[in-house]
1. Wholly within segment 1-111, which helices (runs of 4 or more DSSP H) include no fewer than the required count, namely at least 2 residues that are in contact with a Cys (Cβ under 9 Å, 6 or more places away or on another chain), open to solvent by less than 30 Å² (accessible area, probe 1.4 Å) and not basic (K, R)?
2. Is it the case that A152 is within 30 Å of V240 (Cα to Cα), among the aliphatic types (A, V, I, L, M) and either open to solvent by less than 60 Å² (accessible area, probe 1.4 Å) or in a helix (DSSP H, G or I) (or both)?
3. Taking the conditions exactly as written (over 25 Å from Q21 (Cβ atoms) and either exposed (fewer than 15 other Cβ atoms within 10 Å of the Cβ) or not hydroxyl-bearing (S, T, Y) (or both)), does H125 satisfy them or not?
4. Exactly one condition in (1) crowded, with 21+ Cβ neighbours inside 10 Å; (2) modelled with pLDDT of 95 or more is not met by G207; state its number.
5. I'd like to check something: does segment 134-142 contain any residue that is out of contact with any helix residue (DSSP H, G or I) (no Cβ under 7 Å at 6 or more places or on another chain) and either part of a strand (DSSP E or B) or at pLDDT 95 or above (or both)?
6. Check whether at least one residue in segment 239-252 is under 29 Å from E197 (Cβ atoms), open to solvent by 20 Å² or more (accessible area, probe 1.4 Å) and either modelled with pLDDT of 95 or more or out of contact with any Gly (no Cβ under 7 Å at 6 or more places or on another chain) (or both), and report yes or no.
7. Confirm whether E142 is acidic (D, E) and open to solvent by 20 Å² or more (accessible area, probe 1.4 Å).
8. Would you confirm whether any residue within segment 130-139 is aliphatic (A, V, I, L, M) and open to solvent by 10 Å² or more (accessible area, probe 1.4 Å)?
Amino acid sequence: MLCAAIDIGSNTTRVLVAEPQDGQLKKVMEQRAYTRIGQDAKEDGSITQAKIHEVAEVVATQVRLAEELGAEVIKPVATAAIREAKNQQEVVHAIAEVAGVDTEVLSEDEEGRLSFIGATKTLGHPVEGLVGVVDVGGGSSEIILGTVAKGAEKVHSFQIGSGSLAEEMLEGDPPSPSEMRELRDRINDFFAEIEIEQPEQAVAVGGSATSLRRLVGAVLEYETLERAVRVLASDPIDDVARRFELDPRRVKLLPAGVLLLEKISQLLGQPLQIGKGGLREGIILDLLNGSVNGSSPEALVV
């Protein structure tokens, strides 16, 4: 069965079309648009009409792409930016009107549960013991603890993200040393009183982590994170984007994403392996494992 997941996030709106193959999840198509909903929020906490229309049109395009590929089920979900918007229901209604699909606004716990599934079930190797899944988004960051056997057991959600931090604190191109110091101080202050059980291994998902794979490889530890900071704080955004084949809009957010991942890695006492799957993969695995047709959770072994 070919399924599609659309993730309407604070920075990007992404679609993944995938199907089960030989016990794994085979990706058929991925596409993203930088909708930056989190940047658009008005002072009263609502999303502007122009942004609502833009997002609805993007979702409609992604639904059409998925349908053209033969997706039998298409599930759009919304995360922090829409979850926290005062006009949340207006946004959901507009998407339904334009794109013809119902969007589920995920709770923090449900977002964490699905991200944990997507991260741990697509690693490609056995995972033992307590696992921490780290999802740094544009408007919020999650740390999900659990095991492969039992799934997510504890979701820690924090109202701090790469998009909101970059928008507020980064103006230079590249960011100045003082901006980077202030950004790191802000993150350290935010997490100063937070203690989290340390897992036996940790996996990072989300746009920042995925982009960093191109800069420094598949593992985020002190040396590789510091190398990423040096690159992002030394070279102009467009140069970094060309060199590593990234979108300049993503590169602008990456300094904040890197420093958030660095701090969370310290909290967990573990390097972060960059995951091969996240929220969208988790949505599709959840659909395939019973939410679509009532089949048993063992319908797909990944």
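1. Numbers: elements: 37-40, 49-69, 80-83, 88-99.
Here the list is empty.
2. Numbers: within 30 Å of V240 (Cα to Cα): no; among the aliphatic types (A, V, I, L, M): yes; either open to solvent by less than 60 Å² (accessible area, probe 1.4 Å) or in a helix (DSSP H, G or I) (or both): yes.
Taking the combined requirement at face value, the residue does not satisfy it.
3. Values: over 25 Å from Q21 (Cβ atoms): no; either exposed (fewer than 15 other Cβ atoms within 10 Å of the Cβ) or not hydroxyl-bearing (S, T, Y) (or both): yes.
In short, no.
4. Of (1) crowded, with 21+ Cβ neighbours inside 10 Å; (2) modelled with pLDDT of 95 or more, only one is false for G207: (2).
5. Step one: filter segment 134-142 for residues out of contact with any helix residue (DSSP H, G or I) (no Cβ under 7 Å at 6 or more places or on another chain), giving none.
No, the conditions are met nowhere in segment 134-142.
6. Taking segment 239-252 as the starting set, the residues that turn out to be under 29 Å from E197 (Cβ atoms) are none.
Within segment 239-252, not a single residue is under 29 Å from E197 (Cβ atoms), open to solvent by 20 Å² or more (accessible area, probe 1.4 Å) and either modelled with pLDDT of 95 or more or out of contact with any Gly (no Cβ under 7 Å at 6 or more places or on another chain) (or both).
7. Details: acidic (D, E): yes; open to solvent by 20 Å² or more (accessible area, probe 1.4 Å): no.
In short, no.
8. Looking only at segment 130-139, we keep the residues that are aliphatic (A, V, I, L, M), and these are 130-131, 133-134, 136.
Filter again for open to solvent by 10 Å² or more (accessible area, probe 1.4 Å), leaving 130.
Yes: one or more hits.
The values are calculated or read from the model by the stated rules, or taken from the named source; none is laboratory data. Quantities reported herein were computed from a predicted structural model and do not represent experimental measurements. No Cβ is skipped: glycine too gets one built from the backbone with ideal geometry, and neighbour counts run over all protein chains shown. Side chains included, ligands, DNA and RNA excluded: accessible areas come from the protein's heavy atoms. Shrake-Rupley method; radii C 1.70, N 1.55, O 1.52, S 1.80 Å.
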